[in-house]
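Below is one structure, written out as structure tokens; the observations come after it.
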Amino acid sequence: MPSDVSATLGYNPVTPPNVSQLTISADRKADVGDYTLTVSGSSGNLYHEYSLGLSIFASAPDAVTLTNPANGATDVSIDTYLNWAEPQSSLIYEIQVALDSGFNQVVYSQSGLDQPSFDPAGSLANGTTYYWRVRALNACGTSSYSSTYQFKTVLAAGDCPEGTQPLDVYQTNFENNPAGWTHSAPMIPGRSHESLHQPSTSYHSVDKNAISVQRLTSPTISIPETYDEPVSLNFWQWTDIEASGTTGCFDGAILEISDNSGQSWTPVPESMLLTNPYYGTISDGYGNPLGGNPGWCGFQDWTKTVVDLSDYAGQDVQFRFSQGSDASIGLEGWYIDDFSVTACEAKPDYRPYLSSDTVSLVQPRQEITVQIRLTNAGLNPDSYDIDLSNSAWTINLKTREVIDLQPGETTTLEITVIVPADAYLGQVQEVILSVTSQGDPNNPPATDQATIELSASLLSFIPFMSRP
Ligand SMILES: [Ca+2]
Ligand SMILES: [Ca+2]
């Protein structure tokens, strides 16, 4: 026993079926720490032993220090653990993980953790910034929360990096016989990716029990080169195609690409597949015309395949989906849906942004102030000209007429309105507030507008009407 700790047993000896209670108490002089106590009992030749943990605390725990992922970390795995230092042993922890630093949008909240580590259930979202904090509990109380750390998870394959936005180059969901596609197997209703949201149609080729190749060929698509990488092909596929064991295919599906109007086709190498790698090499032993190529086969539910097209940037290309079968055994085959080519473009460098339009209820002789926020939503420091449209009422911009803002910076513009004495019930004045970038080299430069609606309302007249 540690010093200044006592243990008393209610009954000793204890005769069956009675129960005896062990009471352990520590007085104020007991030393803080973790101890292991051994409780033993014997009866004749029988002997039993039990280990008991005892932790003595003098106060609530200190705040913990978060360790991993480091504060500000980027490209963090979506399957990361969250870890922190243990200020002393035998503590219980509570963690909160949120999408905002104010912890209003909490995505994980877990108490009762007995290890300084948390494994978020499922996976975190790609390309997302998370904020997290931890506090510790012991018998004396609860610590304050740790400092909040933040980290950003890695982008999903094909997603656009910071400072860029997606640009749809081409897309089809195969619902309405998209122009320019040719195929040797039907586009059919019945099995469609996200069929709850879209009517029903995908491309389908049956895995035949006879030597054959079936093909779906895209129209020519111009792959942009002026935009930031990645530029990618995305499509969803469902397969039930005859495999050969766990690493090979008897029948198989491949993707080919042509940069010469279909005169020749090159199988897309595995190195270009950012997700959903090939199942294995297609056997050339039983007559499959695609034998020798790596391909998809086996059973796989709808899966998104992302193909890196960086090598084809700036070129006009066609894609060809080909499914080859050997001499025997067929299955349901191959479905393809939701095909798109996407790129990323730089976000606009110069972009003023005004908060939403406002409506103000006014009454005669009133002087009111309307506030609208202006944000520099571009990527460069910028200056803005501010302009108000004419009005029959007296309307003034209280702010100076040129505003300088850093990227992301926001300021509040104030407009005063003096409502004339002869304003009448139902009268509406609309004023347009315009901001124009001074730094934008484009012609015309970036602008934004907000409408201020001033309405002499019924409610605003009531105090006058109800006077005795
Ligand atoms: Ca579809
Ligand atoms: Ca076969």
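Side notes on the structure shown:
- Only residues that are assigned to a strand (DSSP E or B) and surrounded by fewer than 19 Cβ atoms within 10 Å (Cβ to Cβ) were counted across the range 188-203, and they come to 2.
- Of all residues in the range 304-338, those that are away from ligand 2 (no atom under 16 Å from the Cβ) and either out of contact with any His (no Cβ under 8 Å at 6 or more places or on another chain) or aliphatic (A, V, I, L, M) (or both) total 19.
- Every pair of residues 6+ apart whose Cβ atoms lie under 7 Å, when the first sits in the range 329-351 and is within 19 Å of I254 (Cβ to Cβ) and assigned to a strand (DSSP E or B) while the second is more than 16 Å from ligand 2 (Cβ to nearest atom) and small (G, A, S): Y335/S202; I336/S202; D337/S192; D337/S202
- Among the residues of the range 187-202, none qualifies, meaning not one is charged (D, E, K, R), more than 16 Å from ligand 1 (Cβ to nearest atom) and in the same structural domain as V306 (by TED's automatic domain parsing).
- Out of Y335, Y384, sole residue that is of a type in the set (S, T, Y), away from ligand 1 (no atom under 16 Å from the Cβ) and surrounded by 15 or more Cβ atoms within 10 Å (Cβ to Cβ): Y384
- A58, sole failed condition from (1) touching a strand residue (DSSP E or B) at 6+ places or on another chain (Cβ under 8 Å); (2) touching a residue at least 60 places away in the same chain (Cβ under 8 Å); (3) over 30 Å from A157 (Cβ atoms): (1)
- Within the range 88-98, the presence of a residue that is under 28 Å from the mean Cα position of the chain (by Cα) and outside any strand (DSSP E or B) is excluded.
- Residues of the range 56-74 include none that is part of a loop (DSSP other than H, G, I, E, B), on the phi > 0 side of the Ramachandran plot and acidic (D, E).
- Residue list for the range 204-243, restricted to those being assigned to a loop (DSSP other than H, G, I, E, B) and either out of contact with any strand residue (DSSP E or B) (no Cβ under 9 Å at 6 or more places or on another chain) or among the charged types (D, E, K, R) (or both): K208, E225, E242
- Test: W132 is touching a Ser or Thr at 6+ places or on another chain (Cβ under 6 Å) and surrounded by 15 or more Cβ atoms within 10 Å (Cβ to Cβ): no
- The residues on offer are G280, G292, G252, and the sole one that is free of Cβ contacts under 8 Å to residues at least 24 places away in the same chain and either within 29 Å of D311 (Cβ to Cβ) or not small (G, A, S) (or both) is G292.
- Each residue in the range 404-460 was checked for being among the hydroxyl-bearing types (S, T, Y) and within 30 Å of P348 (Cβ to Cβ), and 8 pass.
The values are calculated or read from the model by the stated rules, or taken from the named source; none is laboratory data. Quantities reported herein were computed from a predicted structural model and do not represent experimental measurements. Neighbour counts run over all protein chains shown; Cβ positions are idealised from the backbone, glycine included.
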